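The values are calculated or read from the model by the stated rules, or taken from the named source; none is laboratory data. None of these values were measured; they are calculated from a predicted model. In this analysis, Cβ positions are derived from the backbone assuming ideal geometry, glycine residues included, and neighbour counts consider all displayed protein chains. These accessible areas exclude ligands, DNA and RNA; they are computed on the full protein's heavy atoms, side chains included. Shrake-Rupley method; radii C 1.70, N 1.55, O 1.52, S 1.80 Å.
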Amino acid sequence: MMNNTINRRNWLKAGLMTVGGITVAPHMSLGEMARAPLKRDAEGNFLYSPFFKEYIHNPFPEPKKILARLNANENPYGPSPKALTALKDVAHKGNRYAWRELFDLMEKIATKEGVSAENIMMGPGSSDLLEKTGMVLFLEGGNVVSADPSYMSLVRVAEATGASWKGVPLKSDWSHDLNAMEKAIDSDTKLVYICNPNNPTGSMTAHSELVDFCSRVADKVPVFVDEAYLDFLEDADKKSMVSLINKGKDVIIARTFSKIYGMAGLRVGYVVAQPETLKKIQKITRGGMGIAYPSIFAASASMDDAEFQVKSRKLNAECREYVYENLEKMGYEYVPSSTSFIIFPIEMEGKAFLEKMQAQQVGVRAFEINGGDWCRVSMGTMDEMKLFIKAFDKVVG
């Protein structure tokens, strides 16, 4: 009990130190950071790298025009019943700040992860924490090393802050090329970012290889491992990098309540890291301030609802298998997925494909990777996946 009290006081002290102001590099204004730092081509598509582009066509149309929203990797079954009950029970306290309640959640998460509460920083979703890390670590420039393609939130903010990006192509099996990434590290590298399982490919880098990589590299430069989709694996706890925290390694592990817990709209996430690393981030910005009071209770209740997590994982896997089988029947290959989405190549220009799919009232994502066009489809309910297959067959048939 004494340790928990000390942890709370230390965390509060760290948070209060940031209230007075915010440090901004001379080449960056707050106005510039307020907008999404995304590069676009003449047609408005997002240009992530010479190898990686995302096609954009009205990505979030009116709900009544979409029967299956399969473009945002949302859990179609959540929030869990226990989370919904918790939300209803505390909604009337939405006029209150939730510092003490946030500490309780942090301690609960710390127990789950096998670390101290001082190793936890909360935020409104894991992307918020990725972006805060990208902003803080690159105020004085430097470079970030990551895979290409991968999730670009941290990289884009780092670039907008003043960093350069060293993108390393994935291997032929879509796993991270850890040897090439290690070789890309130089004296200006301030962070290595790894998304595992990776987004948008859904691929997994071998646990043993990643543990070895992080153990060595984190002694030279911090390694940020984004584990947003890890809970869709049956043995997720055995595949996390969080065990390296207690070995003193300078790793940052991001987790979220948006995916398996079905709380994307309630905005709760966290990172696990060394206290000194978290202090660097909290010199400029507090993490937990952006989480709504009811969301904290919903997150805590979700952690107790193991039945809902098992159900979500099972139904997600069943939908993946259904899509696999139908793609194979139609002659399409795909990247085997460890996540709640599947990516596969298509023989149609991406924007035209999106237009045709939306005309069928199905929302998906489309990318250009290494000169080829790809569809990424999120796993919805089985009924939604049947709508997807029917629409896809009509569009490409």
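Within the stretch 109-150, the set of residues being of a type in the set (Asp, Glu) and over 29 Å from Ser295 (Cβ atoms) comprises Glu140, Asp148.
Contact map, the stretch 334-356: residues that are closer than 17 Å to Leu70 by Cα and modelled with pLDDT of 95 or more paired with residues that are assigned to a helix (DSSP H, G or I) and among the polar types (S, T, N, Q), Cβ distance under 9 Å, separation 6+ or inter-chain. Pairs shown: Thr339/Asn316; Ser340/Ser312; Ser340/Asn316.
Checked against the criterion of being more than 20 Å from Asn143 (Cβ to Cβ) and touching a Cys at 6+ places or on another chain (Cβ under 9 Å), the candidates Glu209, Glu227, Glu276 yield just one match: Glu227. Determine whether the stretch 163-179 contains at least one residue that is over 20 Å from Tyr229 (Cβ atoms), assigned to a helix (DSSP H, G or I) and either in contact with a His (Cβ under 9 Å, 6 or more places away or on another chain) or open to solvent by 30 Å² or more (accessible area, probe 1.4 Å) (or both). Yes, the stretch 163-179 contains a residue that is over 20 Å from Tyr229 (Cβ atoms), assigned to a helix (DSSP H, G or I) and either in contact with a His (Cβ under 9 Å, 6 or more places away or on another chain) or open to solvent by 30 Å² or more (accessible area, probe 1.4 Å) (or both).
Restricting attention to the stretch 137-152, the residues being assigned to a helix (DSSP H, G or I) and open to solvent by less than 20 Å² (accessible area, probe 1.4 Å) number 0. Residue count for the stretch 130-152, restricted to those that are of a type in the set (Lys, Arg) and closer than 21 Å to Lys183 by Cβ: 0. Where helices (runs of 4 or more DSSP H) sit wholly within the stretch 289-390, those with at least 1 residues that are within 21 Å of the chain's Cα centre (by Cα) occupy 293-304, 306-329. Restricting attention to the stretch 196-224 and to residues that are polar (S, T, N, Q) and not in a loop (DSSP other than H, G, I, E, B), the residue that is nearest to Lys247 (Cα to Cα) turns out to be Ser215.
Annotation: Leu87 fulfils all but one of (1) without any contact (Cβ under 8 Å) to a residue 60 or more places away in the chain; (2) not in a loop (DSSP other than H, G, I, E, B); the unmet one is (1). Note on the stretch 106-118: residues that are open to solvent by 10 Å² or more (accessible area, probe 1.4 Å) and touching a strand residue (DSSP E or B) at 6+ places or on another chain (Cβ under 9 Å) amount to 3. Within the stretch 234-251, one or more residues are in a strand (DSSP E or B) and touching a Leu at 6+ places or on another chain (Cβ under 6 Å).
Only one entry of Ala273, Ala292, Ala298 meets the criterion of being in contact with a Leu (Cβ under 8 Å, 6 or more places away or on another chain), touching a residue at least 60 places away in the same chain (Cβ under 8 Å) and surrounded by 22 or more Cβ atoms within 10 Å (Cβ to Cβ), and that entry is Ala298. Each residue in the stretch 38-65 was checked for being open to solvent by less than 90 Å² (accessible area, probe 1.4 Å), hydrophobic (A, V, I, L, M, F, W, C) and at pLDDT below 85, and 1 of them qualify. Here the stretch 127-136 is the region considered, the condition is being open to solvent by less than 10 Å² (accessible area, probe 1.4 Å) and touching a Ser or Thr at 6+ places or on another chain (Cβ under 8 Å), and the residue that is farthest from Arg156 (Cα to Cα) is Leu130.
Looking only at residues of the stretch 182-198 that are in contact (Cβ under 8 Å) with a residue 24 or more places away in the chain and surrounded by fewer than 22 Cβ atoms within 10 Å (Cβ to Cβ), we find that the one that is nearest to Gln274 (Cα to Cα) is Lys190.
Among residues of the stretch 96-112 that are closer than 14 Å to Gly269 by Cα, those with a beta-carbon under 8 Å from a residue that is assigned to a loop (DSSP other than H, G, I, E, B) and open to solvent by 20 Å² or more (accessible area, probe 1.4 Å) at least six positions away or on a different chain give the pairs Ala110/Ser116.
Every listed requirement among (1) open to solvent by 70 Å² or more (accessible area, probe 1.4 Å); (2) closer than 30 Å to Ala391 by Cα is met by Asn71 save one, (1). Within this structure, Ser187 passes the test of being on the phi < 0 side of the Ramachandran plot, modelled with pLDDT of 95 or more and out of contact with any Ser or Thr (no Cβ under 6 Å at 6 or more places or on another chain).
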